[in-house]
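The values are calculated or read from the model by the stated rules, or taken from the named source; none is laboratory data. Treat the numbers as computed from the prediction; the structure is a model and nothing was measured. In this analysis, Cβ positions are derived from the backbone assuming ideal geometry, glycine residues included, and neighbour counts consider all displayed protein chains.
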Amino acid sequence: MRKPFVIANWKINKNVDEALNFLDAILSQLPDSDRTEVGIAPQAFAIYPMVRSARKTDLQIIGQNAAEKCNGAYTGEISVRDLASMGVNYVMLGHAERRHYFKESNQSINRKILTALREGVKPIVCTNGERKNVGGDNVFSQLENVLAGVPAYQLANITLLFEPTAAIGAGNRANIETAERGCWLLRQEVRRKFGGEVAEHVRILYGGSVNPNNIGLIMAAPNVDGVLIGRASLDAGSFAQMMNYQQTTLSSVI
Ligand code: 13P
């Protein structure tokens, strides 16, 4: 059984005070952690205060990025070893915006993934496809290249993300068929590369224009195990509603 994972990706929004106020507003509404895992990926400087504020809860505070190296002369980078030392369990690697604006390559993302796994931080590995060509070679070649050298057993520590580029932050509505098809294709690829057992267990998330109105339908898609939410996660009320989507979906059925 794959536990649903709902993640807020704040990108470069919210200062420390705003981040802590947001936590104050949502912590008492966290869903049962046996049913849903919830995470927030804030800016790097807000991670430590947020980890401290959320320490008595199951909320995951997640890194948006980390360096290939754990220490040394790499000005401006973020060490995954030091994320681990703060109690961070997950780090996003290879988000579409990292690839687009910062020219991150498959090879660099691959090295980051291997470093994170070595340091005991679980990578959320992002792959970006086109909306019209979900099954295009792009997603598959990204997956193939960024997972090079990753042994099958480590897939238990990896979460995959499918984000169709056109749906990210562009105001385009998410398309549920695209979400399901992208996640399904990724699962097929994992099956081909690592076997059926691994494919059955790996969590695959969807990202792009998720909001309180469409999360229920997106999460009902059989191959979508979670969502990465940008804009709609910035409002505490909206995020609280989305992290409790199971409750909302249930009460609308009853
Ligand atoms: P939006 O939810 O703002 O489209 O951002 C999503 C995202 O970054 C998915 O990877």
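Please work out if Ile204 is of a type in the set (Val, Ile, Thr), at pLDDT 95 or above and farther than 17 Å from Leu147 by Cα. When the stated conditions are applied, Ile204 does not pass them. Flag not set for Val80, criterion: surrounded by fewer than 21 Cβ atoms within 10 Å (Cβ to Cβ) and under 27 Å from Thr115 (Cα atoms). The residues on offer are Phe194, Phe162, and the sole one that is touching a Leu at 6+ places or on another chain (Cβ under 7 Å), more than 16 Å from the ligand (Cβ to nearest atom) and hydrophobic (A, V, I, L, M, F, W, C) is Phe194. Does the range 145-154 contain any residue that is at pLDDT 95 or above, within 28 Å of Leu27 (Cα to Cα), in a helix (DSSP H, G or I) and more than 16 Å from the ligand (Cβ to nearest atom)? No, the range 145-154 has no match at all. Evaluate the following for Ala221: is it in contact with a Pro (Cβ under 9 Å, 6 or more places away or on another chain), surrounded by fewer than 23 Cβ atoms within 10 Å (Cβ to Cβ) and either in contact (Cβ under 8 Å) with a residue 12 or more places away in the chain or more than 18 Å from Ala166 (Cα to Cα) (or both)? In short, no.
For (1) more than 16 Å from the ligand (Cβ to nearest atom); (2) of a type outside the set (Asp, Glu), each residue gets a yes or a no:
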| residue | (1), (2) |
| --- | --- |
| Asp34 | yes, no |
| Gly63 | no, yes |
| Ala67 | yes, yes |
| Asp82 | yes, no |
| Met86 | yes, yes |
| Leu93 | no, yes |
| Ser105 | yes, yes |
| Ile113 | yes, yes |
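Meeting the requirement of 1 or more residues that are among the β-branched types (Val, Ile, Thr), the helices (runs of 4 or more DSSP H) wholly within the range 163-253 are 176-194, 196-201, 215-220, 245-253. Selection within the range 56-77: residues that are touching a strand residue (DSSP E or B) at 6+ places or on another chain (Cβ under 8 Å) and without any contact (Cβ under 8 Å) to a residue 60 or more places away in the chain. The member of this set that is surrounded by the fewest Cβ atoms within 10 Å (Cβ to Cβ) is Asp58.
Close contacts from the range 151-172, counting a first residue that is at negative phi and β-branched (Val, Ile, Thr) and a second that is within 13 Å of the ligand (Cβ to nearest atom) and at pLDDT 95 or above, with Cβ to Cβ under 6 Å and a gap of 6+ residues or different chains, come to Ile158/Val125; Thr159/Ile124.
With Gly207, Gly195 as the choices, which residue is touching a residue at least 24 places away in the same chain (Cβ under 8 Å), closer than 20 Å to Phe140 by Cα and under 14 Å from the mean Cα position of the chain (by Cα)? Selected residue: Gly207, the only one of Gly207, Gly195 that is touching a residue at least 24 places away in the same chain (Cβ under 8 Å), closer than 20 Å to Phe140 by Cα and under 14 Å from the mean Cα position of the chain (by Cα).
Within the range 83-101, one or more residues are closer than 23 Å to Pro42 by Cβ, polar (S, T, N, Q) and modelled with pLDDT of 95 or more. Within the range 199-218, if we keep just the residues that are within 22 Å of Lys122 (Cα to Cα) and in contact with a Phe, Trp or Tyr (Cβ under 9 Å, 6 or more places away or on another chain), the residue that is nearest to the ligand (Cβ to nearest atom) turns out to be Gly207.
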